[in-house]
Each structure stands twice: as C-alpha cells, then as structure tokens.
1. Which is farther than 20 Å from residue 162 by Cα, surrounded by fewer than 20 Cβ atoms within 10 Å (Cβ to Cβ) and modelled with pLDDT of 95 or more, of 306, 249, 286, 243?
2. Before we move on, is residue 141 modelled with pLDDT under 95 and not assigned by TED's automatic domain parsing to the domain that holds residue 37?
3. Just checking, which of 187, 251 is farther than 22 Å from residue 149 by Cβ and part of a helix (DSSP H, G or I)?
4. So is residue 287 in the same structural domain as residue 141 (by TED's automatic domain parsing), free of Cβ contacts under 8 Å to residues at least 24 places away in the same chain and more than 24 Å from residue 303 (Cβ to Cβ) or not?
5. Kindly indicate the residue of the range 257-270 that is modelled with pLDDT of 95 or more and buried (at least 18 other Cβ atoms within 10 Å of the Cβ) and also farthest from residue 29 (Cα to Cα) among those meeting that condition.
6. Go through (1) without any contact (Cβ under 8 Å) to a residue 12 or more places away in the chain; (2) over 20 Å from residue 123 (Cβ atoms) one by one and return the number of the condition residue 81 breaks.
7. Which number in (1) closer than 30 Å to residue 21 by Cα; (2) touching a residue at least 24 places away in the same chain (Cβ under 8 Å); (3) out of contact with any strand residue (DSSP E or B) (no Cβ under 9 Å at 6 or more places or on another chain) marks the one condition that residue 258 misses?
8. Within the range 56-88, how many residues are assigned to a loop (DSSP other than H, G, I, E, B) and surrounded by 12 or more Cβ atoms within 10 Å (Cβ to Cβ)?
C-alpha cells in the first residue's frame with residue numbers, strides 16, 4: 001500500500017520539480033494514515049519525519065516497521081539508506097519546535113532554490129533550515145522589494161531575507177530571538193555574496209519588545225512568520241499567536257510607510273485573523289496563491305497580505 005502510493009506521488013512530483021528546476025521539495029505527506037510520514041528531498045539527501053502517534057506497537061516491532069518503510073523509500077527513490085535522515089515530531093507543534101536542538105553533528109550542506117543558495121542541516125534540529133511550503137511566497141516577495149526597506153521578523157535562517165536581498169531591496173533587517181539562527185541567516189547571506197553591512201542588518205531581539213521600539217515610516221515591507229507559541233526564558237513575555245497577532249500587526253503597521261505591506265503567515269491550524277482589531281487599509285487571504293505544487297491539498301497554514 002505504502003509502496004504503491006509513494007511510487008505514484010514521487011513519479012508525479014519529481015516530474016513537476018524537474019520542469020520547474022527544483023531540487024528541494026516534499027514528496028509525501030501522511031497520504032496513508034498507517035504511514036504517517038513527511039518525506040522531503042534536499043538534492044540527493046532525504047528528510048524523513050515520522051509524526052508521533054499511538055501506533056500500538058512495541059519498540060522492536062516499531063523499529064522493524066520503520067526499517068521496512070525505509071527500505072521501500074530507498075527502492076522507490078533509488079537511493080542508499082545513508083542518505084536518509086529520520087526524525088520524530090509532533091504534527092501539532094506548529095513551528096514552535098524549530099528552536100529545539102537535538103544533536104551537535106553540525107553536518108551542513110548547500111542546496112539551491114530559484115538560483116539562491118541555502119545551508120541545510122538534517123541532523124541537529126527538528127526543522128531543516130528551509131521551510132519548503134513558502135517557496136512560492138519567497139518568489140513573490142523577491143519580485144516586490146526593489147528599492148524597499150524590508151523587515152523580516154522571526155526570521156529563522158533568513159531565507160526570506162536572502163530573497164529580499166536578491167530582489168535588490170534597499171535594506172534588509174532580520175530579527176530573531178535565537179543567536180544560532182541569526183548566525184545561520186548571516187551564513188546564508190555570505191553564501192550568496194550579500195556582504196554589504198550598510199544594507200543588511202541582523203538583530204538579536206524578542207520581536208514583541210522590538211516592535212515597540214520602531215519609529216513610524218521605518219520600513220516599506222515586512223514579513224511575519226511567527227511560531228504558534230513560544231515561552232523562551234530569553235523572552236520578557238510568552239507569545240501566543242492567536243492572542244498576540246492583532247497587537248503585533250498593529251505595531252508593524254505603525255512602523256510602515258503609507259501603502260506599506262505585511263506578509264503574515266501562521267501554521268496554527270485553528271487560527272482566526274482578528275480583522276476588526278487590525279488597523280489596516282486592506283487584508284487579503286493569499287493562502288491559495290502561495291501553496292507550492294508539492295503541498296497542494298496538504299498545507300495547513302495561512303498567509304495574508306496586509307496593507308497599511
């Protein structure tokens with residue numbers, strides 16, 4: 001059952017990826033309930049995430065089942081087992097797990113996306129360093145930032161920031177609470193030869209507090225892709241995106257130039273945008289327009305275009 005399904009989806013998606021010159025994409029995402037995997041390809045390496053569930057198997061039985069599944073993946077994708085990196089993760093965790101280090105191997109390698117280079121790590125963290133579901137959003141962004149001052153909040157490893165630099169933004173400011181991910185973002189800039197320190201800024205800060213310090217007309221375009229929830233010891237307050245999003249978006253709107261825009265995204269599946277509280281000129285749901293081919297029918301995240 002799993003072999004038949006994986007054969008079908010890999011044949012279809014690999015053709016689409018080749019046509020679009022894409023080497024990093026999701027192949028399979030829990031298509032069959034009995035095989036709760038997300039399988040992603042990063043050039044020749046494969047990221048295998050098993051969503052945690054009550055499978056009812058003993059440890060030995062589960063290991064045997066997982067090995068049999070990996071054998072099938074190797075067969076269909078025509079690869080060796082040493083190129084498969086497997087993890088277990090909670091499907092309901094949103095992106096709050098991205099700050100969890102689980103190893104210290106530091107095995108980084110480089111991939112390309114739309115002509116830009118990114119460092120990937122499949123050993124040390126639950127997430128890989130590049131959120132594939134925003135591939136289309138990044139491309140849209142690059143076409144809109146020429147000569148604009150761009151702010152990337154909760155920047156993670158800076159992929160949106162790299163696209164903004166590639167789109168000739170006048171300045172790009174990347175903000176995150178994690179020094180590890182800020183350094184990763186700087187390394188991605190270095191990798192793409194974006195080295196102008198008078199244009200590219202990396203800010204270590206709690207975003208909720210940082211927004212209160214911004215002056216009016218500071219930026220023209222802002223990207224916000226926050227975690228669903230965060231209570232890091234480094235934060236002055238905890239973050240709950242459902243409770244906090246309206247206030248944060250309004251703080252960003254104050255810092256935007258007239259007509260400035262926000263790309264706001266969240267992975268919280270039960271999220272409801274509080275439109276009445278947000279002081280914007282227009283709010284447009286662009287979720288469908290930003291879904292890549294490899295996430296169609298599977299993506300549980302929201303994306304909005306908000307204009308001052």
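1. The unique qualifying residue is 286.
2. When the stated conditions are applied, residue 141 does not pass them.
3. Answer to the selection: 187.
4. Against the criterion (in the same structural domain as residue 141 (by TED's automatic domain parsing), free of Cβ contacts under 8 Å to residues at least 24 places away in the same chain and more than 24 Å from residue 303 (Cβ to Cβ)), residue 287 does not qualify.
5. Checked the range 257-270; the qualifying residue farthest from residue 29 (Cα to Cα) is 260.
6. (2)
7. Against the list (1) closer than 30 Å to residue 21 by Cα; (2) touching a residue at least 24 places away in the same chain (Cβ under 8 Å); (3) out of contact with any strand residue (DSSP E or B) (no Cβ under 9 Å at 6 or more places or on another chain), residue 258 comes up short only on (1).
8. Result for the range 56-88: 2.
The values are calculated or read from the model by the stated rules, or taken from the named source; none is laboratory data. Keep in mind that this is a model prediction, so the values were computed, not measured. Note that we place each Cβ from the backbone using ideal geometry, even for glycine, and neighbour counts take in every protein chain shown.
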